[in-house]
Amino acid sequence: MKRFKGIYWRTFTVTVGMVALTLVLLGASFFSLTYSYIMTEKRNELRDRAEIIAQMALDAYSKPGTSLARGEDIRNMLDVAELMSGTDFLIWIPYEGAFIGTDANMNGQNLTLPAAMGKKLARGETYMGVSSLSYYEKARAVVAVPARTEGMVEIGPVLAIAEPNAMTEMWRAFLGIFAMTAITVLLIAFVATATTAMQQTKPIRDMASAARKFAEGNFDARVHNSGREDEIGELIESFNAMADSLQKTEQQRREFIANISHELKTPMTTIAGYADGILDGVISSEEERQYLSIISAESRRLARLVRRMLDVSQLQSMDLIKQKVPFDLSESMRRVLVSMEKKITSRGLDVDVEIPEDPVMVLGDNDLLTQVIYNLLENAAKFASQGSTLFLGLEIRGEKAAVTVRNTGQTIPPEELPLLFERFHKSDRSRSEDKDGVGLGLYIVRTILEQHHEKITATSENGVTTFSFSVQLAEEHAKSV
């Protein structure tokens, strides 16, 4: 029962029902109009014939001769008229005081005319109706024209009588043609509606099937679009785009779990191993301090990893639109440079700074953009060659403030540049060699800039690696520039 409540059956039922209702209404109107028209035409035809017969009978009785001969002429005339038209005729002959008709059994009989017919004939009007004339078993169509008089001769009234079957023969033919046409239209409607409804509902069923597969963890299912450019085609494209996004998100989730498992396992294994060695007495008392230092360092690295992951989670759920305010980006860059002085000097690095002395007002979150500059400068210092020079620059380009961080060290392969901003990615391709890093610094940089609707680029050629990003200038600063 449930399958008959679907879109397919609803569409099919509604469309076919509307076609059937339209045919019924058209048929009723058609039958009514055609029946009325045919009956009117038939009655007018009977009236014309009756008037002709009345005139011919009047002419016959106006000629010289005996009444018997004239009566015989009229009977012969009626027989010929009946053979040619298929209509029975009755004529009242006053001289004989009886009806003469094509039906010999009615000759000389006193027929009872309907009261309505008598009234109309008395007024000299033509009567059109249905009556059995107290003679026929079933009522027949009767047209009666009033008597005609010419000189001293009077003939009439004249009755033309036709069986209902003869009058409705054409109407029945129309009815048969209409019935065949209606059946053909309904069959075409059945096929067209079934095909159209199937085309409309098949993609929906495919999407429902794919959605069930998604729920089971299979993100490879897609809905085939056979070149449709209508709303269903747009829905299919949107659904497949959503499926691609879900598949990518699922892949990133799995990679994230694998990466974080690896990152957490390394320090925890080190801490547990050295702690067990000290507790079991495997490590001598002289070496305990050294290994306790390693345990302390690994604990701090583990804490940094957890803190960075919390930072990422907070950044992804943050609404920065409400936190964007004008601030001096050049001043923030100077503060970062001062805070990094110890790390920079410890590696024997020089710093080339190109920051305008005047304030450069930008629109954004001061703390987060300061974090971006700090992470980039820290990353540049970490991978710079001993004794080389770091570059930190700020310049105005149109309505943007462009920040550049550059160092000299090993060249990053081109295929690795797009991966620098992924979670847990490290340029040395080793999860254990870089003990201080957790592979989230550049990912946090990209996340913060995406929250500001900005992008960061990275290039590396001949040992020179450059990171650049831009920030929207504050409105008042942009106008002054």
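Computed from the coordinates by the stated procedures, all read-outs in this text should not be read as laboratory data. It should be emphasised that the depicted structure is a prediction, and the values quoted were computed from it without experimental measurement. Here the Cβ is made from the backbone with ideal geometry for all residues, glycine too, and neighbour counts use every protein chain on show.
Once the Cα gyration tensor of region 330-430 is found, what semi-axes does its equivalent ellipsoid get, as square roots of 5 times the eigenvalues, in whole Å, sorted largest first?
Details: eigenvalues 113, 62, 33 Å².
Equivalent-ellipsoid dimensions as semi-axes: 24, 18, 13 Å.
Give the calculated FRET efficiency between E287 and S339 to the nearest 0.05, with a Förster radius of 45 Å applied to their Cβ-Cβ distance. Each step should come with its number before you reach the end.
On the way: r = 35 Å, r/R0 = 0.79.
My answer for the efficiency is 0.80.
Output the peptides 279-287, 84-92, 133-141, 356-364 sorted from most to least packed, where packing is the average of other Cβ atoms within 10 Å over each peptide's residues.
Numbers: 279-287: 10.1, 84-92: 19.9, 133-141: 14.1, 356-364: 17.4.
Order by mean packing, descending: 84-92, 356-364, 133-141, 279-287.
Return the subset of K63/K119; K324/K400; K343/K400; K265/K342 for which the Cα-Cα distance in this structure is over 24 Å, preserving the input order.
Details: K63/K119 31 Å; K324/K400 15 Å; K343/K400 30 Å; K265/K342 31 Å.
From K63/K119; K324/K400; K343/K400; K265/K342, over 24 Å: K63/K119; K343/K400; K265/K342.
Using the Karplus curve 6.51 cos²θ - 1.76 cosθ + 1.60 with θ = phi - 60°, what ³J(HN,Hα) values do you get for each residue of region 386-401, in whole Hz, with x for Gly and Pro?
Taking θ as phi minus 60°, the curve returns 4, x, 7, 10, 8, 10, 10, x, 9, 8, 9, 10, x, 9, 10, 9 Hz for region 386-401.
Can you check what the net charge comes to around H224, using other residues whose Cβ is under 13 Å from the Cβ of H224 (Lys, Arg +1; Asp, Glu -1)? Please report the intermediate quantities before stating the final value.
Values: positive: K202, R205, R222, R228; negative: D206, E237.
Residues close to H224 contribute a combined charge of +2.
Take each of the peptides 371-383, 184-196, average the number of other beta-carbon atoms within 10 Å over its residues, and list them starting from the highest. Don't jump to the answer; show the numbers that get you there.
On the way: 371-383: 21.0, 184-196: 13.4.
Going from most to least packed, we get 371-383, 184-196.
Tell me which residues come under 5 Å, amide H to amide H, from L349 once H is placed; ignore anything under 5 positions away on its chain.
G387
Mind putting together the pair-distance distribution for region 179-309? All Cα pairs, 10 Å bins, whole percent per bin, short to long.
10, 21, 15, 13, 12, 10, 7, 5, 3, 2, 1
How high is the FRET efficiency from S29 to A116, r the C-beta distance, R0 30 Å, rounded to 0.05? Provide the component values of the computation, followed by the final result.
On the way: r = 30 Å, r/R0 = 0.98.
Between S29 and A116 the formula returns 0.50.
Only sites in a loop by DSSP and with at most 12 other Cβ atoms within 10 Å count here; which GluC sites (Glu not before Pro) in region 206-235 make the cut?
Qualifying residues, ordered by number: E216, E229.
How charged is the neighbourhood of S388? Take every other residue with its Cβ under 15 Å from the Cβ of S388, and add Lys/Arg as +1 and Asp/Glu as -1. Don't skip to the end; give the middle numbers.
Values: positive: K343, R347, K382, R406; negative: D350, D352.
Overall, the nearby charge balance is +2.
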